[in-house]
Amino acid sequence: MTPLERVHVGLIGCGRIASLQVLGYRDHSRAELTAICDNDEALLAQRQQEWQPKKTYRDYHQLLADSDVNAVEILIPHHLHREVAIAALQAGKHVSLQKPPALTLRELDDVNEAAKGAGRRLRVFENFMYYPPHVKARALVQEGAIGEPISVRIKTAAGRFDDGWRVPATSLAWRMNPETCGGGPTCFDHGYHCYNMARFFVAEPVERVHAWIHVNRFGPDAFYDGPALISWKYAGVPKFGSWEVIASVGMRVRSKYYASDDRIEIHGTEGIIWINRCTGSLLDEPALVLYRDGQTRAWHDIPNDWSESFRLGVHDFIDALIEGRQPPQDADDAAATLGFAIAAHVSACEHREVCLDEIGPDTRARLPI
């Protein structure tokens, strides 16, 4: 696969998250925001004024036919990922595909086969992997700073719906439709981040999962899939993890982004690491803290604005295309996280522990409603 001299990207989808995704393309010396595409004419005009791309399109087929574009960033509802990603790959474009990559493992496999057939790079973008406190924590784990990691605990705390970003009604609508989202907006869409973080800090694969997911209805077409508690076991070792989702709907959450935050605690045989913020900033604490040998070390100056995870993740995609390497996540790695997400939903619906090897190619995440 021939490395690129310069990345000329086309963004397919100009919604809320694109405002963060675009940061890395606009400040990398060997990348250019060549084209953007959205079927919302008013939004497209707004983004054209903000970002000044060379070209704009209302139809993604027209963008894919543009020979000046050699890579695309796909930022559209999940049920469209397979169709658009395959079309992009067959058009000869390298593809960065927003998480979750597909609704089923078979859909993801179809996209991967298209990438292989076209001889193009496919990566599933998971921004939490590039968040500087997460990156530093993983490096500490791999250096043995807490001995052998034996437990990962994640806590997602959501607050008042009127805090943080104003999410357009159209964006909420497709996320609250399991047919277009693939599951729930919290435990499937946002959950992909957390399931992947469970895998990020422990080398052994996740083997079994058990989940409780409660669905709160706010009307016929509005719900919140929480509170929830998902627990899991890693294969072959006595290592466990958990993810708790809670919504304190009267609580203020300090955030420039979504009105929620994610905290992670990693226990090892010789110490503990705390990652104290991500999307928001609930508490006035250092972003990263290590405890070992009776002493506490804190990192006060590590970059911890959530947008940095997007900028750095985009830079890695650009650098990978220039260097001719595969950036994370490849399809196999993404499939492990997607299978984990689907298994959690099956567990919640069937009220039982589920082994990940039970998840078939066409198994979909379902909500217990």
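Along its principal axes, what span do the Cα atoms of segment 1-94 show, with the longest given first and each in whole Å?
Per principal axis, max minus min of the Cα coordinates gives 38, 31, 20 Å.
Which net charge results for the neighbourhood of D362, defined as the other residues with beta-carbon distances under 12 angstrom from its beta-carbon, given Lys and Arg at +1 and Asp and Glu at -1?
-1
Less than 14 Å Cβ to Cβ from G271, Lys/Arg counted +1 and Asp/Glu -1: what total charge do the surrounding residues give? Mind showing how you got there, number by number?
Values: positive: R292, R297; negative: E143, E148, E265, E270, D293.
Around G271, the surrounding residues sum to -3.
May I ask you to give the average projected area over all directions of the convex hull of the Cα atoms of segment 254-369, in nm² rounded to one decimal?
11.5
Once whole DSSP H runs in the chain are found, which of them have Cα atoms spread over 18 Å or more along the helix axis and a mean Kyte-Doolittle score of at least 0.0? Walk me through the numbers on the way to the answer.
Values: long enough: 105-118 (20 Å, -0.65); 307-323 (24 Å, 0.26); 331-350 (27 Å, 0.83).
Span-like helices, by this rule, are 307-323, 331-350.
For each pair in K155/K233; K99/K155; K155/K239; K55/K99; K116/K239; K136/K233, compute the distance between the two Cα atoms and list the pairs where it is over 29 Å.
Flagged as over cut-off: K116/K239.
For segment 141-241, what does the alpha-carbon gyration tensor say about shape, rounded, prolate or oblate, given a ≥ b ≥ c as the root eigenvalues, a/c under 1.5 as rounded, and a/b over b/c as prolate?
Cα axes put segment 141-241 in the prolate bin.
How much length is gained if the chain between L80 and E353 is pulled fully straight, taking 0.36 nm per residue apart and subtracting their Cα-Cα distance, in nm to one decimal?
Extra length from L80 to E353 when fully extended: 95.2 nm.
Taking H as built 1.01 Å from N, whose amide H comes closer than 5 Å to the amide H of T279, not counting residues under 5 places away?
Under 5 Å from the amide H of T279 lie the amide H atoms of D262, each far enough along the sequence or on another chain.
Among the aspartates and glutamates, which have Cα under 13 Å from the Cα of K93 when same-chain residues fewer than 8 positions away are ignored?
The reachable aspartates and glutamates, counting only those whose Cα sits under 13 Å from K93, are D66, D68, E73.
Given a Förster distance of 41 angstrom, what is the FRET efficiency for K55 paired with D293, based on the Cβ-Cβ distance and rounded to 0.05?
Given R0 = 41 Å and the Cβ-Cβ separation, E is 0.10.
Where in segment 321-358 does the amide nitrogen come within less than 13 Å of the point 7 Å from the Cα of V215, taken along Cα to Cβ?
345-346, 348-350
Determine the calculated [θ] at 222 nm for the chain from helices alone, applying -39500 (n - 2.57) to every DSSP H run no shorter than 4 residues and normalising by the residue count; nearest 500 deg cm²/dmol.
Counting only the DSSP helices, I get -9500 deg cm²/dmol.
Rounded to a whole number, what % of the accessible area of the chain do carbon and sulfur atoms account for, probe 1.4 Å?
Ligands and nucleic acids excluded, carbon and sulfur reach 50 percent.
For the chain, what is the accessible area per residue in Å², given a 1.4 Å probe and the full set of protein chains?
42
Using the Karplus curve 6.51 cos²θ - 1.76 cosθ + 1.60 with θ = phi - 60°, what ³J(HN,Hα) values do you get for each residue of segment 264-274, in whole Hz, with x for Gly and Pro?
The phi angles translate into 10, 10, 10, 8, x, 5, 10, x, 9, 10, 10 Hz.
Sort all Cα-Cα distances of the chain into consecutive 20 angstrom bins from zero, then give the percent of pairs in each bin up to the one containing the longest distance.
It works out to 29, 60, 10, 0, in whole percents.
Going by amide H atoms built from the backbone, whose H comes under 5 Å of the H on G268, apart from near neighbours?
Residues meeting the criterion, in which the H sits 1.01 Å from N, are I150, I273.
The values are calculated or read from the model by the stated rules, or taken from the named source; none is laboratory data. All values derive from a computational prediction rather than experimental measurement. Every residue, glycine as well, gets a Cβ built from its backbone with ideal geometry; the counts of neighbours run over all protein chains shown. The protein model used for the area step is the full one, side chains on, heavy atoms only, and it has no ligands, DNA or RNA in it. Shrake-Rupley method; radii C 1.70, N 1.55, O 1.52, S 1.80 Å.
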